[in-house]
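The structure appears right after this line, and notes come after that.
The values are calculated or read from the model by the stated rules, or taken from the named source; none is laboratory data. Being a predicted model, the structure only gives us computed values, none of them experimental. Positions of Cβ are backbone-derived with ideal geometry, glycine not excepted, and every protein chain shown enters the neighbour counts.
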Amino acid sequence: MLIAIPDLLDAAALARVRAITDAGEWVDGNVTSGPQAALAKRNEQLAEAGAAAREAGAIILDALGKSPLFVAAALPLKVFPPLFNRYSGGQAFGTHVDNAVRIQRGTEFRVRSDLSMTVFLEAPEAYDGGDLLIEDQYGVQSVKLPAGHAILYPSSSLHRVEPVTRGCRVASFFWLQSMVRDDGARRLLFELDQAVQRLGGQLGQDDRSVIELTGVYHNLLRRWADS
Ligand SMILES: O=C(O)CCC(=O)C(=O)O
Ligand SMILES: [Fe+2]
């Protein structure tokens, strides 16, 4: 399931992230790649352990925690510290699959990548190409969103970034481990959650059926969640 998170960053947060990342130290993107991804990947990345990635990453993590849509869709357990990349001058990232387990360098922190996320940090009009193409069970989905918007997609999918032929595409990208490992189960919970929220808005949160359905949601989550 692909889920767009509109306006994950508001204008002020986006401006702060860009001010920090633009002034940061950018290095060859292949510093974090395995040998297969290295063949496919041509971009730049903000130095992973640097202050810029940490500070800008903290703004993104804060925004994630405040987004009810993100929390409902991802049911996050552990989030890898956000990384930042940029593509220009024909750079691209060919078809690849993300590693199943990500270990934060120099630490014990490890995340099973259930979900991958890209937060777009540049206006789509400012660059040509750079679409994120994600192969899911319904075909190839093409994603290019306004700055501050994000896309959440299964880490199990093959995906790629098309060459950027004008301007510069800047993004944050990272992986997360969900409390609910199975994509199908997570999707059912999300659909149930969204429908119950809507029903609660129409019938009132004290409606008996709304309360019972909320109970069904939590009891399913209790069955399926790791913590
Ligand atoms: O730049 C992107 O949107 C995705 C990057 C990506 O797929 C990766 O680094 O594994
Ligand atoms: Fe990827």
Name the pairs whose Cβ atoms lie under 6 Å apart, with the first residue in the range 151-165 and under 16 Å from L121 (Cα atoms), the second among the β-branched types (V, I, T), and 6 or more positions between them or separate chains?
I151/T118; I151/V143; L152/I3
Residue count, the range 102-149, condition more than 14 Å from ligand 1 (Cβ to nearest atom) and either buried (at least 19 other Cβ atoms within 10 Å of the Cβ) or of a type outside the set (F, W, Y) (or both), comes to 19
Could you check the range 101-116 and list, in sequence order, the residues that are more than 10 Å from ligand 2 (Cβ to nearest atom) and within 15 Å of the chain's Cα centre (by Cα)?
R102, V111, R112, D114, L115
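When you check A23 against the structure, is it surrounded by fewer than 17 Cβ atoms within 10 Å (Cβ to Cβ) and either under 15 Å from A92 (Cα atoms) or free of Cβ contacts under 8 Å to residues at least 24 places away in the same chain (or both), yes or no? Walk me through how you get there before you give the answer.
On the way: surrounded by fewer than 17 Cβ atoms within 10 Å (Cβ to Cβ): yes; either under 15 Å from A92 (Cα atoms) or free of Cβ contacts under 8 Å to residues at least 24 places away in the same chain (or both): no.
Here the answer is no, as A23 does not meet what is asked.
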Test L69 against the stated conditions and say whether it is away from ligand 1 (no atom under 14 Å from the Cβ), under 15 Å from L152 (Cβ atoms) and in the same structural domain as F174 (by TED's automatic domain parsing).
yes
Selection count, the range 211-221, where residues are closer than 19 Å to A73 by Cβ and not hydrophobic (A, V, I, L, M, F, W, C)
3
Only residues that are within 20 Å of P163 (Cβ to Cβ) and part of a strand (DSSP E or B): list them for the range 63-92, please.
F84, N85, R86, Y87, S88, A92
Given (1) farther than 26 Å from A19 by Cβ; (2) at pLDDT below 95, index of the condition R105 fails
(1)
R181 away from ligand 1 (no atom under 16 Å from the Cβ), over 30 Å from D128 (Cβ atoms) and touching a Ser or Thr at 6+ places or on another chain (Cβ under 8 Å):
no
